[in-house]
Each structure stands twice: as C-alpha cells, then as structure tokens.
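Presented below is the structure to which this report refers.
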Amino acid sequence: MRLSIIYKAQCSETDKFYIGSTYNLYNRKKVHKSKDNKAESRHLINPTYTILKEFYTINRKHKHELEQEYMDLNKSDDMVNKFRASGFDYEKRKLYMVQYHKEHQKERIERDNKNREKIRARNKIKGERKVNCPKCNKEMRYDSLSKHLKKKVPCV
Ligand SMILES: [Zn+2]
C-alpha cells in the first residue's frame, strides 16, 4: 500500500485545470514545471495545486482508477486531461507520451548541444587568456601553462 495523492493543478491565468495523481506531490510539481513535461498539464501557467483526496492504493492501476474517478467528477471544458487515466485510454495515453517524447527529442538534443557549445566557447576564451608562468614569468596561453609546468626540463 502506498499513499497516493489526487490533485488538481489550476492555471493562474485561465480556468484550465489538470487532474493528476502522484505518490509525491513535491516531485510531481517539479516535473510539471520542467521543459520536458510530457503531460497535458504543460500549458498551465504557474498553476495552483489543490489536493482533492489522499488514498492508500495497492498499485499504479488502482491509483489511476481513482484518478479517473476524480476526472469524471470534475469533468468540464476547462479540464485539459486529454485521456482517461484508466481503462482503454490508458494505453492510448502511454502511446501519446512515447510519441511526444520522440517528437521533442530533437529539441532536447539541440538544447543540450547549445549548452555544450556555450561551455566550449567559455572554456576557449579562458584558454586563450594570456598568463605568466609563476616560475619563469614567461607569457603564454592559459591552456599551455599546465603542460609548460610539467615539462621534463623545468622552466627554471
Ligand atoms: Zn615557466
């Protein structure tokens, strides 16, 4: 048995909301905020979280069934959940998540590459900086210094 939380995340700027379930609301909030959030809740702006109910559940399926109950209870045009949490749509939802992940893989890779380029550029600038050897005072590039200090024949 695990304590499960059924929650409602409501957009601060529109009436749109998302019903979800989680074992850990704190972690779940972090996922909702992250750029890789695959759930339908990603369009909610700065959402407010309300705990609708806490249950002990026997497994994931059970948790999703309860989530579904609360989706049915709160059903409205403002609800952003596209898929049923349990039953037939559950498989569809999983497929949707996989598809979403695939479609956004390119964006994610590009973002990572851009970050890497930034770091590389920063290191290059650092490496090209001129420094003086602390021993012989010879001027050289920062990235040559460690090699210079390790030379078999010491500089001094
Ligand atoms: Zn030196």
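The values are calculated or read from the model by the stated rules, or taken from the named source; none is laboratory data. Keep in mind the model is a prediction, meaning the values are calculated, not measured. In this analysis, Cβ positions are derived from the backbone assuming ideal geometry, glycine residues included, and neighbour counts consider all displayed protein chains.
Things to note:
- Positions within the range 62-96 being basic (Lys, Arg) and at pLDDT below 85, in sequence order: Lys82, Arg84, Lys92, Arg93, Lys94
- Check on Lys151, exposed (fewer than 10 other Cβ atoms within 10 Å of the Cβ) and either modelled with pLDDT of 90 or more or part of a loop (DSSP other than H, G, I, E, B) (or both): yes
So that you can scan it fast, the table gives a plain yes or no per residue for (1) over 30 Å from Lys16 (Cβ atoms); (2) more than 28 Å from the chain's Cα centre (by Cα); (3) not assigned by TED's automatic domain parsing to the domain that holds Lys53:
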residue	(1), (2), (3)
Glu69	no, no, no
Arg84	no, no, no
Tyr100	no, no, yes
Lys130	yes, yes, yes
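- Single unsatisfied condition, Lys130 versus (1) within 16 Å of the ligand (Cβ to nearest atom); (2) at pLDDT below 90: (2)
- Filter result (loosely packed, with under 11 Cβ neighbours inside 10 Å and either in contact (Cβ under 8 Å) with a residue 40 or more places away in the chain or in a loop (DSSP other than H, G, I, E, B) (or both)) within the range 4-49: Ser12, Glu13, Asp15, Ser34, Lys35, Ile45, Asn46
- Some residue of the range 72-84 being in contact with a helix residue (DSSP H, G or I) (Cβ under 8 Å, 6 or more places away or on another chain), in a loop (DSSP other than H, G, I, E, B), touching a residue at least 60 places away in the same chain (Cβ under 8 Å) and away from the ligand (no atom under 16 Å from the Cβ): yes
- Checklist (1) among the hydroxyl-bearing types (Ser, Thr, Tyr); (2) modelled with pLDDT under 90; (3) within 16 Å of the ligand (Cβ to nearest atom) applied to Ser144, failing item: (2)
- Any chance Lys114 is within 16 Å of the ligand (Cβ to nearest atom) and without any contact (Cβ under 8 Å) to a residue 12 or more places away in the chain: no
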